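Worksheet: the structure to be examined is printed underneath.
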């Protein structure tokens, strides 16, 4: 099987910003049935990623994802 990454990519990638809360991001991930999303800065550059595993660690809902995301 010879599949190119381009053939599997999604054109519109969902992203979040560091100030969004754990509660908000958890809801977005659940609604769209995905397990992670990139975190971007104001210039649209990726600065980290947030995953359902990160969100399952018991952080309060109001915690900004920028405080818990791996960089």
If you scan the stretch 1-38, which residues turn out to be under 15 Å from residue 57 (Cα atoms) and touching a strand residue (DSSP E or B) at 6+ places or on another chain (Cβ under 9 Å)? 21, 22, 25, 35, 36
If residue 16 passes every condition in (1) modelled with pLDDT under 95; (2) surrounded by 13 or more Cβ atoms within 10 Å (Cβ to Cβ) but one, which one does it miss? (1)
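Collect the residues in the stretch 39-66 that are closer than 14 Å to residue 24 by Cα and free of Cβ contacts under 8 Å to residues at least 40 places away in the same chain, keeping them in residue-number order. Walk me through how you get there before you give the answer.
Applying the first criterion (closer than 14 Å to residue 24 by Cα) to the stretch 39-66 yields 39, 50-52, 54-56, 59-66.
The answer is 39, 50, 51, 52, 54, 55, 56, 59, 60.
Taking helices (runs of 4 or more DSSP H) that do not extend beyond the chain, which have at least 3 residues that are more than 12 Å from the chain's Cα centre (by Cα)? Walk me through it before giving the result.
On the way: elements: 5-8, 22-32, 52-55.
Passing ranges, in order: 5-8.
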So which residues in the stretch 57-71 are farther than 15 Å from residue 21 by Cβ and either out of contact with any helix residue (DSSP H, G or I) (no Cβ under 8 Å at 6 or more places or on another chain) or modelled with pLDDT of 95 or more (or both), if there are any at all? 71
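The values are calculated or read from the model by the stated rules, or taken from the named source; none is laboratory data. The structure displayed is predicted, hence computed values, not measured ones. Note: ideal-geometry Cβ built from the backbone for every residue, glycine included; neighbour counts use all protein chains shown.
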